[in-house]
Amino acid sequence: MREKHNKRCGQEVSRHQQVEEEGPVDASLAQAILDSMDVSVAILDAEGIICAVNEVWRRQQRETCTTDHQLERTGIGVNYLEICKRAQGAYAEEAPEALAGLQAVLEGAQPAFSLEYPCFSPTQRNWYLMSVTPLPQQRGAVVAHIDITKRKRFDQQKDTFIALAAHELRTPLAALKGLVQLQRKREKNQGKEEHGRFFTKVEAQIEHLTKLVSELLDVSKMQAGTLDYVEEIIDLEKFLKESVEVLQQAYPGQQLNFQSIPTVVWIIGDRGKLTQVIMNLLNNAILYSPQANPVDLSLLVVDDTACIHIQDYGIGIPREDLEHLFEPFYRVQRPRHYHAPGLGMGLYIAQEIVKHHRGTLSVTSEEGRGSTFSIQLPLWKAPF
Ligand code: ADP
């Protein structure tokens, strides 16, 4: 048995040596591997010339090229960068971005590139993901076009459902709120206050639901690009101070520190939306600091940028969650006793709002030590 195993190992070793001597894989084996994939794949050399394609690539080219001349311009030996430059029809809009990404990967300026693009024609309404991965030692790249139509349709259905659900939930919620307020007032006028605490609890739950529904609406409007912004000049230091004061009233036992530079810092922005961002970050900082540790808010100016840091000393965020934190509906899995209600929309909304203000929102965190969320916003300078 052992001997047989050694023998097999011996065979494997000699095959390994043979592979090393011949090169990684011979051409027909590589072609067979490429053809077995149900994704359209081409291998480019360092100049962008197509050196190999798989069967799906060939089939797709036959389907999309209307003349033999067109077909010739898409095959082996042709420069793929030129194909991107001369793209027409369904691909023309995304072609410059595809070209720039491809060039960046081939030149080693970017580790990889991907781009989702639609391909709408009278006969098809498909979506593709173009992915470019470099070959080792800058010897070229692998270009793949993956059909993501099903996922896109599902995403669109999900977006439509969220928009509809949020819209439909708003009306009954507003009615419920009105009814509770009316009944509370009636009882107060009749001198009956025994249901006061009950009404307060109901109102708090309605408030929570209203916030969730309004976040859902924000997310769907952001994804559709229809969220409205109103802009004004804001004294950032004053604005942050007021936000801290409002929150301090809601959490009287919480230590909230605010530190700022002694100059006036102006920005242009939507006051309501920026309040939403700061409140969300401060609320999270308090929520995820179960020992009621202090929360520090600071404002400073670096060159032409206002930098706001919100630092807590709470439970922190696991390293593997950090890169997904700003995705819509992403929540960190916590042990039961840390569970806080929410749908994972707050940070996504915050980042979209900051981006709209031409700023950035980022995070650093260490589990068990706390997190720092940092906002950078361009300063507004008076034109005189
Ligand atoms: P939610 O409204 O559901 O809390 P967010 O988008 O605001 O959603 O936050 C997403 C996740 O990020 C939360 O599930 C939470 O676990 C984590 N998180 C956000 N802020 C902090 C923080 N300051 N400390 C620890 N975890 C945080």
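Each reported figure results from applying straightforward, stated rules to the coordinates on display, with no laboratory input. Computed from a predicted model, the values in this text were never measured in an experiment. Methodologically, a virtual Cβ is constructed for each residue, glycine included, from the backbone with ideal geometry; neighbour enumeration extends over all protein chains shown.
Among the trypsin sites (Lys or Arg not before Pro) in the stretch 174-275, those located in a DSSP loop and surrounded by at most 13 other Cβ atoms within 10 Å of their own Cβ are 192. For residue 370, nonlocal amide neighbours, meaning residues 5 or more places apart or on other chains whose placed amide H falls under 5 Å from its own, are 314, 316, 317. All Cα-Cα separations within the stretch 235-278 were binned at 10 Å from zero, giving a P(r) of 25, 51, 23, 1, each value a whole percent of the pairs.
Overall form of the stretch 134-291: oblate. Here a/c, set by the Cα gyration tensor axes a ≥ b ≥ c, is 1.5 or more, and a/b is not larger than b/c.
Computed from the alpha carbon positions, the gyration tensor of the stretch 217-354 leads to an equivalent ellipsoid with semi-axes of 24, 21, 14 Å, biggest first. Is the stretch 273-323 best put as rounded, prolate or oblate by its Cα gyration tensor, with a ≥ b ≥ c the root eigenvalues, rounded for a/c under 1.5, and otherwise prolate when a/b is larger than b/c, oblate when not? In terms of gyration-tensor shape, prolate. Here the 3J(HN,Hα) profile of the stretch 300-312, calculated from phi with Karplus coefficients 6.51, -1.76 and 1.60 at θ = phi - 60°, is 9, 10, 10, 6, 9, 10, 8, 10, 10, 10, 10, 10, 10 Hz, Gly and Pro shown as x.
Restrict the search to the stretch 182-252; then list the GluC sites (Glu not before Pro) that DSSP places in a loop and that have at most 15 other Cβ atoms within 10 Å of their Cβ. Passing sites in the stretch 182-252 are 193, 194, 231. Backbone phi angles across the stretch 249-260, fed through the Karplus curve with coefficients 6.51, -1.76 and 1.60 (θ = phi - 60°), yield HN-Hα couplings of 5, 6, 10, x, x, 8, 7, 10, 9, 10, 10, 9 Hz in residue order; Gly and Pro are listed as x. Considering the chain as a Gaussian network with a 10 Å cut-off on Cα pairs, which listed residue, 136, 318, 122, attains the greatest mean-square fluctuation? Result for the chain, Cα springs under 10 Å: 122 fluctuates most.
Using a Gaussian network model of the chain in which every pair of alpha carbons under 10 angstrom is joined by a spring, one finds that among 81, 240, 217 the greatest mean-square fluctuation is at 81.
The stretch 84-162: percent of C-alpha pairs farther apart than 18 Å? Taking all Cα-Cα pairs of the stretch 84-162, the fraction more than 18 Å apart is 49 percent.
Shape analysis of the chain based on the Cα gyration tensor places the equivalent ellipsoid semi-axes at 53, 27, 25 Å, largest first. Helices in the chain, meaning DSSP H runs of at least 4 residues, each add -39500 (n - 2.57). Divided by all residues, the mean residue ellipticity at 222 nm is -15500 deg cm²/dmol.
What residue among 285, 52, 30 shows peak mean-square fluctuation when the chain is described by a Gaussian network model with Cα springs under 10 Å? It is 30.
What number does the stretch 201-271 give for Rg over Rh if you use C-alpha atoms and the Kirkwood radius?
Ratio of gyration radius to Kirkwood radius for the stretch 201-271: 1.07.
The Cα atoms of the stretch 68-199 define a convex hull whose projected area, averaged across directions, is 14.8 nm².
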